[in-house]
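A.B. asks: Here it is, the structure, as structure tokens.
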Amino acid sequence: MSTGIEILAHLGVPFIAGLVLLLIIAASDKNPISWDTCNDIGLDLSILSVGACGGIFANPTLIQHLGANSAVYGIVVVLCDFFFAGVLVYIRRWRNPPVDFRAGLRDLFFGLLTIGITGGVLYFGL
């Protein structure tokens, strides 16, 4: 399998599923999407990143390339994703509404950072 197809399979599909889930949640919520909901979106992206790690680190090509240490790398990536998810939960805990665009973008950045960490390991590991 080519690298592009593997990235699509391991990251693209969960990311698209997350976007569909976000659309369903937004359509069923009484309030429109705002900067305040960016924290939830970032947290969903972090959770998707953790879920994608299972498929990524079970990939035989990645295991062959990383060798015997692939399980250690997998644990470190999952812990990094959990760390940024914890940061998002901490931010939400001490947040005072209303939320401005800087705070919303920061929350989205942390969520996208977890996708980037997981995707980067997959890209450089293949």
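A.B. asks: What does the charge dipole of the chain about its Cα centre add up to, to the nearest 20 debye, if the Cβ of each Lys and Arg holds +1 and the Cβ of each Asp and Glu holds -1?
C.D. replies: Numbers: 6 positive and 8 negative charges, 46 e Å.
Computed about the Cα centre, the dipole is about 220 debye.
A.B. asks: Before rounding to the nearest 500, sum -39500 (n - 2.57) across all DSSP H runs of length at least 4 in the chain and divide by the residue total; then give [θ] at 222 nm in deg cm²/dmol. Please report the intermediate quantities before stating the final value.
C.D. replies: Details: 6 runs with 96 residues, N = 126.
Per the formula, -25500 deg cm²/dmol.
A.B. asks: Please work out whether the chain counts as rounded, prolate or oblate from its C-alpha gyration tensor, where a ≥ b ≥ c are the square roots of the eigenvalues and a/c under 1.5 means rounded, while otherwise a/b larger than b/c means prolate and anything else oblate?
C.D. replies: On the way: a/c = 3.03, a/b = 1.85, b/c = 1.64.
Prolate is the answer for the chain, as a/c is 1.5 or above and a/b outweighs b/c.
A.B. asks: If you roll a 1.4 Å probe over the chain with all protein chains in place, what percent of the accessible area is carbon or sulfur? Could the numbers behind the result be given before it?
C.D. replies: Details: 5540 of 7670 Å².
Its accessible area is 72 percent carbon and sulfur atoms.
A.B. asks: While we're looking at this one, here's another question. Choose one answer from Thr114, Thr37, Thr61: the residue with the largest mean-square fluctuation in a GNM of the chain with alpha-carbon springs under 10 Å.
C.D. replies: Thr61
A.B. asks: Just the accessible area per residue of the chain, please: how many Å² with a 1.4 Å probe? Walk me through the intermediate numbers first.
C.D. replies: On the way: 7670 Å² over 126 residues.
Ligands and nucleic acids excluded, the figure is 61 Å² per residue.
The values are calculated or read from the model by the stated rules, or taken from the named source; none is laboratory data. Fair warning: this is a prediction, and the values are worked out from it, not measured in the lab. Every residue, glycine among them, receives a Cβ derived from its backbone with ideal geometry; neighbour counts consider all protein chains shown. Note: areas computed on protein heavy atoms with side chains; ligands, DNA, RNA excluded. Shrake-Rupley method; radii C 1.70, N 1.55, O 1.52, S 1.80 Å.
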